[in-house]
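The values are calculated or read from the model by the stated rules, or taken from the named source; none is laboratory data. Because the structure is predicted, anything quoted here is derived from the model rather than measured. Here the Cβ is made from the backbone with ideal geometry for all residues, glycine too, and neighbour counts use every protein chain on show. Heavy atoms of the whole protein, side chains included, go into the accessibility calculation; ligands, DNA and RNA do not. Shrake-Rupley method; radii C 1.70, N 1.55, O 1.52, S 1.80 Å.
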Amino acid sequence: MFLFLSVLAMLFLIYCRYVTYQLTEKHFSLTKDPQLKIIAGQKKGLTIAQISDSHFSAFYSPKRFDQIIQRLNRTQPDIVLFTGDLIENYRYWKIRDTTAISQQLAKITAPKGKFAILGNHDYRSDGQAAVSQLLTDGGFVLLNNETTLIDQLSLTGIDDSQEGQPDYTIQPEPANFSILLLHEPDQVDALPDLDRFDLILAGHSHGGQIRFPLFPYKNFGSKRYDQGIYFLSPQTSLVVNTGLGTTGPPLRFRVTPEILYFHL
């Protein structure tokens, strides 16, 4: 019996390790007429890619990001959005060369721009300034309680709720469509007026990362919303990206890393 359980545990770990470095790409078509609809599929128009939670660390090196770059550039999104937790902990990176991270980020092409926010792990060991610089060096514009206008698309980013100083009163630019970037999805409950935004994109949860069927883990900041699409109101929807990397054990179970594409 002990041998059987040992083999079963080993197979489980091998499978989890395999899933950790797989990648899923999901495409969603967005329409607003006037209520927002999100359906699986693609259509011609503006393509927005969302990635999140790379958690660069000893277990997720910049080299691992090659697959992400290849998939993104093959799809040719107009805009790329990153919703926080670039690194696991700055304590690891402060004594190592981080140039490879910014070089990898710079390889992502998006003709209308690349935009990012910080996550709670980006603040660890006072890493927020260094992470902000890595994102900037990689060609990303940091939206820290800021909003910007891209053609008729408003993009707004709010700071992390656990370590930063979020401004929930920020207003989007007047536009045909408005997107808000949050790191922790439960931050939506602090927004005084959801209908300012059409689409809210978040990360942080990893979808539970190791998601057992009956007892899925939900971390602080994603207790209420942890993966997938949530229709918060007729005008506003939240999409929680399960991320790319890992935190804690470098394993995933029943939650594959993902890139999300939104077609307007």
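If the segment from Y217 to D97 were pulled out straight at 0.36 nm per residue, it would be longer than the present Cα-Cα gap by 39.9 nm.
Where in the chain are the DSSP H helices whose alpha-carbon span along the long axis reaches 20 Å or more and whose Kyte-Doolittle mean is at least 1.0? Write out the running numbers ahead of the final one.
On the way: long enough: 2-20 (27 Å, 1.99).
Membrane-span-like by this criterion, though nothing is claimed about a membrane: 2-20.
Placing a label point 7 Å from the Cα of S29 along the Cα-to-Cβ line, no residue of segment 152-179 has its backbone N under 16 Å from it.
Shown in residue order for segment 31-36 are the 3J(HN,Hα) couplings computed by the Karplus curve 6.51 cos²θ - 1.76 cosθ + 1.60 at θ = phi - 60°: 9, 9, 8, x, 6, 6 Hz (x for Gly and Pro). Straight-distance candidates among the lysines for linking to K107, with alpha-carbon spacing under 27 Å and chain neighbours fewer than 8 residues away dropped: K26, K43, K44, K63, K94. Just checking the listed ones, L143, L214, L155: in the Gaussian network model of the chain with Cα springs under 10 Å, the one fluctuating most is L214.
Ignoring any ligand, DNA or RNA, what whole percent of the accessible area of the chain comes from carbon and sulfur when the probe is 1.4 angstrom? For the chain, the apolar C and S fraction of the accessible surface comes to 56 percent. Surface exposure of segment 40-171, expressed per residue as accessible area with a 1.4 Å probe, stands at 44 Å². Think of the chain as having a plus end and a minus end, set by charges on the Cβ of Lys, Arg, Asp and Glu; of L244, A129, Q187, L244 sits farthest toward the positive end of this dipole.
Calculated from DSSP H runs of 4 or more alone, at -39500 (n - 2.57) each and per residue, what is the 222 nm mean residue ellipticity of the chain, nearest 500?
Working: 5 runs with 51 residues, N = 264.
Calculated from helices alone, the mean residue ellipticity at 222 nm is -5500 deg cm²/dmol.
What does DSSP give for the chain in terms of the percent of beta bridges that are antiparallel, rounded to the nearest 5?
On the way: 19 of 50 bridges.
Once the DSSP bridges in the chain are tallied, antiparallel ones form about 40 percent.
Average 1/r across all pairs of distinct alpha carbons in segment 28-131, invert it, and you get the Kirkwood radius: 15.1 Å. Which residue fluctuates the most in the chain, going by a Gaussian network model with Cα springs under 10 Å, if the choices are F82, F56, F28? Of the options given, F28 has the highest mean-square fluctuation.
Test of the criteria: in segment 77-113, which trypsin sites (Lys or Arg not before Pro) are in a DSSP loop and have at most 13 other Cβ atoms within 10 angstrom of their Cβ? Provide the component values of the computation, followed by the final result.
Working: sites: R91, K94, R96, K107, K112; in loops: K94, R96, K107, K112.
For trypsin sites (Lys or Arg not before Pro) across segment 77-113 that sit outside H, G, I, E and B with at most 13 neighbouring Cβ atoms in 10 Å, the list reads K94, R96.
Phi-derived couplings, Karplus 6.51 cos²θ - 1.76 cosθ + 1.60 at θ = phi - 60°, listed residue by residue for segment 209-223: 6, 10, 9, 6, x, 9, 9, x, 6, 10, 8, 4, x, 9, 6 Hz, with x used for Gly and Pro.
Using a cutoff of 8 angstrom between alpha carbon atoms and counting only pairs six or more residues apart, the relative contact order for the chain works out to 25 percent. Electrostatic bookkeeping for N73 treats Lys and Arg as +1 and Asp and Glu as -1; over the other residues with beta carbon under 15 Å from its beta carbon, the sum is +2.
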